[in-house]
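Take a look at the structure below.
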Amino acid sequence: MSLFKRLSTTFVSRIDQVVGEIENHDAVIQVTLNDMRKKVAEAKVRLNQVHREQGRLNSQIIEHQKNAQRWRQRAVNCAGHDEAKALECLSRGRHCQQMIEKLEVAQEKYELTADKLARDIETTEQRLAEVKQKLTLMRARQSTSSALKATSDAGNDATQLLDDTFDRWEINISQDEIVSDTNDYFDPMEREFIVREQEDELRNELATLLAEEKKP
């Protein structure tokens, strides 16, 4: 089996294992995210229902307030000529007021429930955003660490093989360079001038040393 084929087989095997691990992690997180999204959606539906009920109660309260005011006004109008009817009007007005108080208590409970639901939804949506961000970061980290680990696992034998290949390549190039240097054209005249120039440089250096020695 060739070097590149062995490397390819090792990497593919490692990547398959890593992908399986990533999919398992993603599956668990995705189930949690889906469950969180479902709960948020359900909570929003409940919140809308509460708001609708609040609106219905508010309409009833306004209607009973109008009726209470109407019955009181009727009591005033009847008081001069029909006391019994005036008292009945006041009784009905009082009944309307009692209904208003009961509806206001129910409305207050709905308001508290709506506030709690709204806070819970906001908290859950924030948590959902955090989980999604963390999932993205973990995927990125997993991909990087998996790539490094795959390279490391495949690296011991494969790296040695690559190093040996580079060494052999460098040896071949060096041998070719030596042969090339050996086959360079030899010019006798140039060689003569080079030797003479080197001798002149040595004489000058010697003269300089002797001059320095004669100085007091």
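Taking the Cα centre of region 42-87 as origin and assigning +1 to Lys and Arg Cβ atoms and -1 to Asp and Glu Cβ atoms, the resulting dipole is close to 160 debye. With a threshold of 25 Å on the Cα-Cα distance, the over-threshold entries among Lys44/Lys102; Lys66/Lys109; Lys38/Lys116; Lys38/Lys102 are Lys44/Lys102; Lys38/Lys102.
Fully extending the segment from Val76 to Glu122, taken as 0.36 nm per residue of separation minus the present Cα-Cα distance, adds 11.4 nm.
Straight-line cross-link reach from Lys132 at under 12 Å between alpha-carbon atoms covers these aspartates and glutamates, not counting any fewer than eight positions away in the same chain: Asp26. Calculated FRET efficiency, Glu190 and Phe166, Cβ-Cβ r, R0 30 Å, to nearest 0.05? Efficiency, rounded to the nearest 0.05: 0.20.
Here, each number is a calculation from the coordinates, and none is a lab measurement. Worth saying up front: this structure is predicted, and the values here are computed from it rather than measured. With ideal geometry, Cβ positions are generated from the backbone for all residues, glycine too; neighbour counts draw on all protein chains shown.
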